Each structure stands twice: as C-alpha cells, then as structure tokens.
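Student: Before anything else, here's the structure in question.
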Amino acid sequence: MPVPRRLAAAAAALALSLTAAACGGTSGTSDASSTSDGDGTAAQQGAAPASGYPVKMENCGTTQVFDKAPSRVVVMNGASVAEVSTLLALGLGDRITANQQSYGMSEVPGRAEAIKKLPTGGVRQNDAFGIPRESMIGLRPDLVLSTTSYGFDAKNGFATRDELKNVGARSYISPQGCHDENSKLTIEDSYRLLRDMGRIFHVPDRAERIIAASRRHIDAVAAKVKGRKKPNVMMLFTNMTMGSNDFSAVVAKGIYNDILGRAGATNVFENASKTSFADLSKEKVAATAVDALVVIAYQDPNPAAYAEKLFKEFPQWPAAKNHMYVTLSDSIYLSPDNDLAVERLARKLHPEAF
C-alpha cells in the first residue's frame, strides 16, 4: 500500500471496513438455456457459444454469463495486484487491454517487470485513482476486474456494472469485495479467485495445478513450524496513513492472519480492531511487546529502511533488540502466491525449523 497522499482511495479499495459479505460463488458451466439474462450472450445474439461455454457466474448480486474467453480485459487499480497477478499466473497476460495495478515489486521473480510491461490503455486516472467512466467505455472492454465494489461506484466517477453491461462488458469483483470489505479474506479466497478466472477463461486445469502446488507448499512449511512458540508479530504497510493516529495502517484482520498462522506466528494487534486495519497511537504501539516486524511494501523500493526507522523509534521491542523483521509485498495479500509469503515468514521467524 502507498505513501501519504490520497491513501483514502487506496485504503477504500484494499481496506475499507464495513460489514463482511461474500462476493458470491461460481456455478461453473451452464447449459445454453440458462443464458437468457439480458447480458448480451451469444445465445441471445444467435451465435453458437465457444467450446466449454457458456459459463454462468453469480458475482456480488449479479449474474455474469460468458460465451467465450474475454479478450479485452481491463484491470482496475484497487491498490492491489491480486487480479493482474492471477491473470499472469494463468498465462493470460495477452488478454489484458489496460492494467492499472502495480506494487512495483514482487516475491515472484520477474512478476513486477511483467506487470510493468502490460498495456495501460493510455488512461489518466481520476481523483479516485481509477479509470474514469468515459475512458473505461472508450477502452471497449469485454471484462472489467475490480478488487472491491469501489471500482464500480458512480460516486467515484467510475462506470457502474450496469453501464458496463449495456456496452457488452462483463464485470467481476474479487472475493469478499462486494461491500469494500476484506477483513474476512483467507488463503482460500486467493484460490477462489484463481478458480473463477480459470472458469471464465476456460483454463480450469491451470488454476487447479497452481492451487494444488500452493497447498502442498504451505502444508509442508506449516508442518515444519507446528508446535513451535509463536512470536507476536506487528504487520503494517510502509509510510502509509489511513486514519488519524501515527499508526493507522497496522494490520488487524484478514488474509494476513491466515498466512501468519500457517507460518507459525500471531498478529499481536489482531484484536485491536474489528476491521482490516487498526488505527493506533504511538503510545499503544510503544507499550506492546513486538517480537517481530513485518513490513509490507507498496510502491516502496526500500521497505527495510522503514523497519530500521521503527526499530530506532521503539528500541524496547524484542524485535528491535533482535533485529527481527521481514519485508513482503504482493504475496501477503489476495494473491496466487500466498505460499511464498508463508515460507518467507516461517524461514525468518523459525530458522531452526529449516
């Protein structure tokens, strides 16, 4: 996540905390008779659907019907790289017409560079850090991906899902993002995103191979650290402000805790908020025993410097005394690469287990 400036926009996409709600599941491939939902399907247009189609999907209160694999995909910003990384992991980068997502770094070798090379559509973002409605329509997408419903909110100057439907574009909101909420995300939601994209693009086998490999990797790491004492971890984004206190980008709930748990650690601030992020005073942070620090970089080329800064500010932490910190980027959030975060954390926090 980002640096000062309009973090509210980034936070709205990544961490706006209202009430949790699932995005709805997928019903896989449907029969041709189920395509009469007014979504511009091939059945309605009199054209034969492609092999393996139509695919019908319920997503955040809408029915999306695909008669063929999308070929003009627009990926909204959302202060995430989950969607674009998932497409790249599935070998679908050539389907992207415009991508607005970038962390600037990645745990996956070559991923950040691959994202940087993707077309942006020549779009200028609006004040809400996304693609304006007129520009979106002009891109002629057949699928638009958004991390949360924020990306389809007219109040933000974005095209709504109905407006996109009217120009023949399907839309998709990632797991747990129906109401801009992600405090209940888990690793399973990363797998769900992979499966949904696998179904939409008719590459389910690719998705399942990635999921199976990830499960094996995570299970193997978790087995190594099982039963070991869990350090109390503070996790936060570098140089980021979401609220009124000094530390308003401290992770409280969400997929982060699932990953920490698999790596044999505990989030010391998990109960500091009912939402994804806690807004903490400097006094609260200073009074908490932090065994290890996890710094998440979003457009920050030197997250280690931020960790060092915090150690100087809080020398009383066990983490500062032991110089214990881990830097992460895209693998700690909704991602096809959560297994990399689990291993990186576990190796640093429990080196004796490896």
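The values are calculated or read from the model by the stated rules, or taken from the named source; none is laboratory data. Quantities reported herein were computed from a predicted structural model and do not represent experimental measurements. Note that we place each Cβ from the backbone using ideal geometry, even for glycine, and neighbour counts take in every protein chain shown. Heads up: the accessible areas ignore ligands, DNA and RNA and are worked out on the full protein's heavy atoms, side chains in. Shrake-Rupley method; radii C 1.70, N 1.55, O 1.52, S 1.80 Å.
Student: What are the residue pairs meeting all of these: first residue in the range 74-103, first residue modelled with pLDDT under 95, second residue among the hydroxyl-bearing types (Ser, Thr, Tyr) and open to solvent by 10 Å² or more (accessible area, probe 1.4 Å), Cβ atoms under 6 Å, and 6 or more apart or on different chains?
Tutor: Every condition considered, the pairs that remain are 103/298.
Student: Do we find that residue 258 is acidic (Asp, Glu), at pLDDT 95 or above and surrounded by 16 or more Cβ atoms within 10 Å (Cβ to Cβ) in this structure?
Tutor: yes
Student: Could you tell me which numbered condition residue 212 fails, if it satisfies all but one of (1) out of contact with any Ser or Thr (no Cβ under 7 Å at 6 or more places or on another chain); (2) crowded, with 17+ Cβ neighbours inside 10 Å; (3) not charged (D, E, K, R)?
Tutor: (2)
Student: Among the numbered conditions (1) in contact with a strand residue (DSSP E or B) (Cβ under 6 Å, 6 or more places away or on another chain); (2) modelled with pLDDT under 95; (3) open to solvent by less than 20 Å² (accessible area, probe 1.4 Å), tell me where residue 265 comes up short.
Tutor: Result: residue 265 passes all but (2).
Student: Kindly provide the set of residues from the range 221-251 that are among the small types (Gly, Ala, Ser) and part of a loop (DSSP other than H, G, I, E, B), ordered by number.
Tutor: 227, 243, 244
Student: Additional query: Between 277, 237, which is surrounded by 24 or more Cβ atoms within 10 Å (Cβ to Cβ) and either in contact with a His (Cβ under 9 Å, 6 or more places away or on another chain) or within 30 Å of residue 354 (Cα to Cα) (or both)?
Tutor: 237
Student: Separate question: Inspect all residues belonging to the range 288-299 and state whether any of them is farther than 18 Å from residue 251 by Cβ and either touching a residue at least 24 places away in the same chain (Cβ under 8 Å) or assigned to a loop (DSSP other than H, G, I, E, B) (or both).
Tutor: Checked the range 288-299: no residue is farther than 18 Å from residue 251 by Cβ and either touching a residue at least 24 places away in the same chain (Cβ under 8 Å) or assigned to a loop (DSSP other than H, G, I, E, B) (or both).
Student: Do we have any residue at all in the range 205-221 that's touching a strand residue (DSSP E or B) at 6+ places or on another chain (Cβ under 6 Å) and touching a residue at least 24 places away in the same chain (Cβ under 8 Å)?
Tutor: No, the range 205-221 contains no residue that is touching a strand residue (DSSP E or B) at 6+ places or on another chain (Cβ under 6 Å) and touching a residue at least 24 places away in the same chain (Cβ under 8 Å).
Student: Moving on to the next point. So which of 210, 218 ends up being assigned to a helix (DSSP H, G or I), more than 17 Å from residue 175 (Cα to Cα) and in contact with a Lys or Arg (Cβ under 7 Å, 6 or more places away or on another chain)?
Tutor: Answer to the check: 218.
Student: Right, here's the next one. If you check residue 81 against the conditions, is it closer than 13 Å to residue 172 by Cα and crowded, with 24+ Cβ neighbours inside 10 Å?
Tutor: no
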